[in-house]
Amino acid sequence: MTAAHQASSPSAREPAPRNLTGNALSHEVPLLPALAVVKTPYFHLLGYSVAGEETVIQVPELNVVFDIGKCPRPMLTSDFCLLTHGHMDHSAGLAYYLSQRFFQGMTPGTIICPIGIAEAVTGVIKSWTALEGKAIAHRVIGLKIGEEYELRKGLIVRTFATRHTVPSAGFLLLDRREKLKPELAQQQLPGHILRDMKARGEKITYTLDVPLIAYTGDTSMSETLLQDGVRDARVLLTECTFFEPGHCQRAAVGHHLHLQELMEALPKLENELVLITHLSRRTYLRWARKTLEKAMAGLIIKPRVEFFMDHAQKLQVRPGKAAAFTPVEPAATTDAEDV
Ligand SMILES: [Zn+2]
Ligand SMILES: [Zn+2]
């Protein structure tokens, strides 16, 4: 057997990986932050969220991306960007998002945001237009708290109140259906009778709103989570930036949630899944996971509670080999990503 064959044999001992200066690497390290992918029975959630760095979370099936801290390529495919507030880690990707969609011949992107920042968002795009020397086709829609916008037939976005250091709003996505009134459904009336009733102007249906996803963006108000539609959305994406016991004051000053406040709200939540976003970059995920487990011990809580970034894909990189994404199921998560 030649030396080359020996080197490629799986049983052959591979040399320890080395970096560019020839020093041995103790383990493989990702070169790029990997996106989290969460599969729910209803839709996928794809993105990245670390406080102060970047938050961007896409729901591909619903054609939306919540916030746009940066603009990873998959986010371009969503027609609507729901921007909770103007902090850079949530908004810096918006000009790139709009520009790239335009450049690639896609329909103009739409930014939906709290009405208090709509003018500033338009101003940013105008400035970028001046820099680029050409107009970027786009739409900016400012919504008041509680106001709705129909994204497509039967899919509604509604804003809800949050409290942060700048104007802000959370977003609730609703599946809106017109259902036959129960008393008429019970009678099992034939279709032509129902059509006649409708033609006479009788109301034969009622509106059923199913809250699909609530996304808080940044907020300091645990009551945020208890609002109708938010506490009972199938999936709740909530920020919880601070976990350390001594960081309550820090959370209050920056208008963020602390674990203690999340714990007060959790027993009242009716969601199927709560995903924690926006963890401080100073906090190790492994430690936060253990701290959360301890805090939840003995409590009767309906939702499954997980960290969004616990679903981050592992980007395995070996010197001299092509990088490949290796999705890892949450159950197989190791502590390795925390270091
Ligand atoms: Zn933030
Ligand atoms: Zn913020």
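Rule-based calculations on the coordinates, nothing more; no lab input. The structure displayed is predicted, hence computed values, not measured ones. Neighbour counts are summed over all protein chains in view; Cβ atoms, including those assigned to glycine, are modelled from backbone coordinates with ideal geometry.
Tabulated results
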| quantity | calculated |
| --- | --- |
| Listed pairs LYS144/LYS268; LYS290/LYS314; LYS153/LYS179 exceeding 19 Å between Cα atoms | LYS144/LYS268; LYS290/LYS314 |
| Mean Cβ count within 10 Å, highest first, over the residues of peptides 261-267, 103-109 | 261-267, 103-109 |
| Peptides 244-252, 303-311 ordered by average Cβ neighbours within 10 Å, highest first | 303-311, 244-252 |
| Least to most buried among HIS164, HIS278 (fewest other Cβ within 10 Å first) | HIS164, HIS278 |
| Label zone at LYS179, where the point sits 7 Å out along the Cα-to-Cβ direction: the stretch 265-279 residues whose backbone N lies under 19 Å | 270-272 |
| Among beta bridges that DSSP assigns inside the stretch 34-334, antiparallel share in %, nearest 5 | 60 |
| Total charge dipole magnitude, the stretch 124-244, about the Cα centre, Cβ charges on Lys, Arg, Asp, Glu only, Debye to nearest 20 | 620 |
| Those aspartates and glutamates that a straight Cα-Cα span of less than 14 Å connects to LYS294, excepting residues fewer than 8 apart in one chain | GLU244, GLU306 |
| Formal net charge of residues neighbouring LYS70 (Cβ-Cβ distance under 11 Å; K, R +1; D, E -1) | -3 |
| Normalised alpha carbon radius of gyration of the stretch 92-199 [divisor 2.2 N^0.38 Å] | 1.59 |
| Candidate aspartates and glutamates - alpha carbon under 14 Å from LYS302, same-chain residues fewer than 8 apart omitted | ASP232, GLU264, GLU270, GLU272 |
| Taking all pairs of distinct alpha-carbon atoms in the stretch 160-208, Kirkwood radius in angstrom | 13.9 |
| Linear extension gain, ARG304 paired with LEU226, 0.36 nm per residue minus alpha-carbon span | 26.4 nm |
| Spatial separation of Cα centroids for the stretch 225-278 and the stretch 131-205, in angstrom | 26 |
